[in-house]
1. Give the percent of DSSP beta bridges with both residues in the chain that are antiparallel, rounded to the nearest 5.
2. Using only the alpha carbons of the stretch 57-201, determine the length spanned along each of the three principal axes and report them from longest to shortest in whole angstroms.
3. What is the distance, in nm, between label points placed 7 Å from the Cα along the Cα-to-Cβ direction at Ala26 and at Asn279?
4. Give a residue-ordered list of calculated ³J(HN,Hα) values for the stretch 17-29 (Karplus: 6.51 cos²θ - 1.76 cosθ + 1.60, θ = phi - 60°; whole Hz; x for Gly, Pro).
5. Over the stretch 257-354, consider all pairs of different Cα atoms and compute the Kirkwood hydrodynamic radius from their mean reciprocal separation; express it in Å, one decimal.
6. Pop the C-beta distance of Ala114 and Val41 into the FRET formula with R0 = 56 Å and round what comes out to the nearest 0.05.
7. Can you tell me the equivalent ellipsoid semi-axes for the stretch 183-252? Use √(5λ) from the Cα gyration tensor, largest first, whole Å.
8. Using only C-alpha positions, report the orientation-averaged shadow area of the convex hull of the stretch 118-271, nm², one decimal.
Amino acid sequence: MELHTLRTETTDPRERGRLLGTRFGAQLRRATELYLHHFGVLGIPAERARDIADRSHEALRAWAPSLAEESDACADAAGIERWTVAAVGARTEILAACPPAKEGECSTAVFAPAGATPETVQTWDWHESLIPEALLHELTPSAGRTVKLFTEFGAPAKIGVNSAGLGVHFNILFHASDSDAGGVPVHAIARRILDEADTLDQAIELASTARVSASTSLTVVTGSSSAASLELSPAGLAVVPAGEDGWLLHTNHFLDAGLSAGDTARTESSTAERFAHLNEVRSTLPGLAPAERAKALCGDAGPNAVVCMRPDTAKPLHEQWGTLLTIGVDVTECALDYVAGTPDEAARRGFARF
């Protein structure tokens, strides 16, 4: 996966979208083509994908008009239909029309003890065939405020941090209440939290106002050493706080007792195994530089650790899962430490900072 960077200073969402679409028109066109093909392989024809995308985009327009305007301006500048960019932004909502995937995305570990600087690390696992290129974007949602985020071309956000000292990690979840109803895109909820929230309570309040049709966990961490996973689903929002020891781990199953009753993560998924691995290595992670933390995250298994996901090339492309990114959030410096690769590769190559 090739990573591009962009810094925009405008506070106008339409101008920001125009800059995105002008600079990265080719990447946006490719992303929309790849996702529409992917949806078709999964049994979601373009007409149905468009219907879900349109309903999700209208839900977004009602909940966060500026993000809908940014998406539309981006599509216009790239010379592609608006709904196709909206479909990438609502890819989780469209995928909710399918049975849950056999695997999940991402493993997150946050250490936020009282009185200490939070430390975080996450893997982002997905299909490299869908994401040959991705974006690190520094933007100015309002005067005096900076957001730095990682995302796919066409999606408003994924993992990021803001200058108020708040960071967001992202893990997909699966729930029996998920549907093709077309709710507010979960990627847009992550973005609005980054754009507007200064505190964990404000992040929870923003998330609680969004009607969703797909499930996701947004793990929010702040410089005041508060952290919680916001488990979103159509059945409701649950807040899972960090433990008394400051640890908060998440993979791809619900941790909240109520919502976990409707969890539909597949038995083939490695989510439980990855969660157990995080528990096993977590005591070795604090106080380390990013590359050392990535090495510790692998544990004794090294490159064969379950959190170093590598695609099985014997399977069809849509079933080939790989760890495309290892990333940490620095809420004190408003920075992202990242490597396009597995934790083992990050330990060997070292991290870049954005």
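Just so it is clear, none of the values below were taken in a lab; they were calculated from the coordinates. Given the structure is predicted, the values throughout are model-derived calculations rather than measurements. Counting neighbours? That spans all protein chains shown, and the Cβs are built from the backbone with ideal geometry, glycine included.
1. Antiparallel bridges: around 90 percent, rounded to the nearest 5.
2. 48, 40, 30
3. 4.8
4. Per-residue couplings from phi come out as x, 5, 5, 4, x, 6, 6, 10, x, 5, 5, 5, 4 Hz.
5. This gives a value of 14.9 Å.
6. 0.75
7. The three semi-axes for the stretch 183-252 are 20, 14, 9 Å.
8. 9.5
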